[in-house]
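Input: a single structure, listed below in structure tokens.
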Amino acid sequence: MQAADIGCVSQNADTTLAAAALEQIRADIVRRKGRQIIYSYLWCLGFWALWGIGVAALVVLVAHFFLPGLRGYGWLIGGSMVGGWLSVAAGRREVSFNDIPDFLDYVHEPAIRMFFVGVLASIFALFLQLNILPMSVANISLSSFSDPDYIGWAIAIGVIAGIGERALSVQLIARAQNALNPGKR
């Protein structure tokens with residue numbers, strides 16, 4: 001109220017002083033509530049990541065007892081949940097005043113984001129397995145992530161897929177388009 005009075009309605013209105021006061025108010029709000037908002041968001045995202053890890057454990061069990069073709073996918077999905085959470089946590093250390101409304105209205109976003117990360121990692125794994133996206137590290141084909149001896153590779157691929165979700169989604173779309181239309185560019 002005082003900033004508005006000084007900047008707009010007093011006889012000697014000083015808009016520069018009012019603007020500086022508003023900036024101080026904004027900085028104080030961010031200082032007082034910024035970290036709390038970020039941590040609340042990360043807790044919610046972590047909750048959904050744990051649900052994703054639960055789904056991954058279920059996939060591991062289903063693959064072990066019923067569908068051996070799904071071997072490695074559960075471990076990969078679990079790794080992607082960890083990677084997705086780490087990606088957000090690493091990039092969300094500070095919040096600006098203008099970002100606060102985005103953090104306050106996140107009812108569905110964390111669940112959808114973690115679902116997206118899990119599906120993206122699964123599609124990435126499928127592309128590796130079908131050699132649409134042939135990759136190897138240290139003379140080991142990443143398509144062997146489904147081999148029980150390479151569970152660590154499945155988890156690592158999942159973590160990488162989760163961390164690089166944005167770049168990976170763009171690359172997968174481009175690869176899929178090239179696979180479907182090999183003659184067009």
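Please treat every number below as a calculation from the coordinates, not as lab data. Nothing here was measured: the structure is a model prediction, and the numbers come from that model. Note that each Cβ is placed from the backbone with ideal geometry, even for glycine, and that neighbours are counted across all protein chains shown.
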>> Taking loop as defined by DSSP and a crowding limit of 14 other beta carbons within 10 Å, which trypsin sites (Lys or Arg not before Pro) in the stretch 12-115 fit?
In response: 93
> Which of the listed residues, 43, 97, 179, is farthest toward the dipole's positive end in the chain, when Lys, Arg count +1 and Asp, Glu count -1 at the beta-carbon?
Replying inline: 179
>> What do you get for chymotrypsin sites (Phe, Trp or Tyr not before Pro) in the stretch 66-98 restricted to DSSP loop and a cutoff of at most 15 other Cβ within 10 Å of the site's Cβ?
In response: 66
> For the chain, what is the largest minus smallest coordinate of the Cα atoms on each principal axis, given in angstrom and ordered from greatest to least?
Replying inline: 78, 41, 29
> Taking the Cα centre of the chain as the origin and placing charges on Cβ (Lys, Arg +1; Asp, Glu -1), which of 112, 34, 155 is farthest toward the positive end of the dipole?
Replying inline: 155
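222 nm [θ] for the chain, helices only, -39500 (n - 2.57) per DSSP H run of 4+, per residue, to 500?
Working: 6 runs with 125 residues, N = 185.
Calculated from helices alone, the mean residue ellipticity at 222 nm is -23500 deg cm²/dmol.
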> What residues qualify as long-range amide H neighbours of residue 133, i.e. H under 5 Å apart, gap of 5 or more or another chain, H built at 1.01 Å from N?
Replying inline: 128
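Once a ≥ b ≥ c are taken as the square roots of the eigenvalues of the Cα gyration tensor of the stretch 49-124, is the result rounded (a/c under 1.5), prolate (a/b larger than b/c) or oblate (a/b not larger than b/c)? Intermediate results must be reported in sequence, preceding the final value.
On the way: a/c = 3.49, a/b = 2.76, b/c = 1.26.
Note, shape of the stretch 49-124 comes out prolate.
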>> Please give the charge dipole size of the chain, origin at the Cα centre, charges +1 on K and R Cβ atoms and -1 on D and E Cβ atoms. Round to the nearest 20 debye.
In response: 440
> With labels modelled as points extended 7 Å from the Cα through the Cβ direction, what inter-label distance (nm, one decimal) is found for residue 67 paired with residue 40?
Replying inline: 3.8
> Applying the Karplus parametrisation 6.51 cos²θ - 1.76 cosθ + 1.60 with θ = phi - 60° to the phi angles of the stretch 25-33, what ³J(HN,Hα) value in whole Hz is obtained for each residue in order, glycine and proline being reported as x?
Replying inline: 5, 4, 4, 5, 4, 5, 5, 6, 10
>> Give me a comma-separated list of calculated 3J(HN,Hα) values for the stretch 132-146, in order, Karplus coefficients 6.51, -1.76, 1.60 applied at θ = phi - 60°, integers in Hz, x for any Gly or Pro.
In response: 6, 10, x, 9, 8, 9, 6, 6, 10, 5, 5, 6, 8, 4, 7
